[in-house]
1. Gaussian network model of the chain, Cα springs within a sub-10 Å range: biggest mean-square fluctuation belongs to which of Ser186, Ser48, Ser107?
2. Just the C-alpha atoms of the chain: what Rg/Rh do they give, with Rh taken as the Kirkwood radius?
3. Please list the non-local residues whose amide H lies under 5 Å from the amide H of Ala224, H modeled 1.01 Å from N, same-chain partners needing a gap of 5 or more.
4. Label 7 Å along Cα→Cβ of Asp163; region 18-41 residues with amide nitrogen under 20 Å?
5. I need the peptides 164-170, 196-202 ranked by packing, meaning the mean over residues of other C-beta atoms within 10 angstrom, with the highest value on top.
6. Relative contact order (percent) for region 29-160, with alpha-carbon contacts under 8 angstrom and 6 or more residues of separation?
7. Could you list, in their original order, any pairs among Lys132/Lys153; Lys188/Lys220; Lys131/Lys152 whose Cα atoms are separated by more than 29 Å?
8. I need to check one value: relative contact order of the chain, counting alpha carbon pairs closer than 8 Å and at least 6 residues apart, in percent.
Amino acid sequence: MSVAELLKNLIDLQILDKDIYDMKKWISEMPARLNALDDEMEAASSKSKEKDDELKRLQLKRKERELDLEQKENNIKKLQSQLYQVKTNKEYNALEHEISGFEADKSVLEEDILSIFDLIETAEKALEEAKKELEDEEKKIEIEKKKIEDEKKETDKSLSELDGKRKNITPLIDKKMLSRYERILSGKEGVALVPVVGENCGGCFMNLPPQIIDEIRLKKRVMACERCARILYAEEEK
Ligand SMILES: [Zn+2]
């Protein structure tokens, strides 16, 4: 087989192999893509959990204050009933003083409870929003995962088609040359064969000496770039 024919077959093969390389790369990056979606989901769900915890904390605080309030009210009632049993003015005044102390505590607690109610209202809204966001996020992620999985199926299908086409070309290429080409392919991100671009290697863009470019045009032998080892060909003059 002439070098010109060999190069023609290699060009056909390279077109397929670039696509195959890109598809395989896409598949290899799939787990990372799915993991990133899981992380997004995790973040949304922990935000919602945080809001839920905050609401529960406030509800508990309110409950504690209400129990405190009840305690103060009981104390006041008890003291008030004692007012009728005291014998002296001094005892009466002491009781009144104690009652007014509890009354003061009571009004502090009542204000506190009211402000906690406000906080609870805000926390409930925040939780509702976080839950809504979580729901939206879940839907969005489900759709994206489905998209990735569908694309994976499509890619697998395309890969087997490309592999079929590849099998039609490889028998036409000298075994030694094919294994050289494949070695470069795997080491050079799926590009083993490049055109000369201007006066440069189309792979690494090293400047090529004029006599090398001439030899590539002559197609007497297979030429490779000294720097990146890729096989070079001259694009047909237009
Ligand atoms: Zn090069």
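1. In the Gaussian network model the winner is Ser107.
2. Numbers: Rg = 40.3 Å, Rh = 25.7 Å.
The Rg/Rh ratio comes out at 1.56.
3. Leu232
4. 18-31
5. Details: 164-170: 12.9, 196-202: 15.4.
Ranked by mean Cβ neighbours within 10 Å, highest first: 196-202, 164-170.
6. On the way: 64 pairs, mean separation 57.3, N = 132.
43 percent.
7. Numbers: Lys132/Lys153 32 Å; Lys188/Lys220 25 Å; Lys131/Lys152 31 Å.
Lys132/Lys153; Lys131/Lys152, as the Cα separations exceed 29 Å there.
8. Details: 176 pairs, mean separation 63.2, N = 238.
With pairs under 8 Å counted, the relative contact order is 27 percent.
Every number in this text was worked out from the coordinates using simple rules, so none of it is lab data. In this text, all values refer to a predicted model and were calculated from it rather than measured experimentally. Glycine gets a Cβ as well: all are built from the backbone with ideal geometry, and neighbour counts include every protein chain shown.
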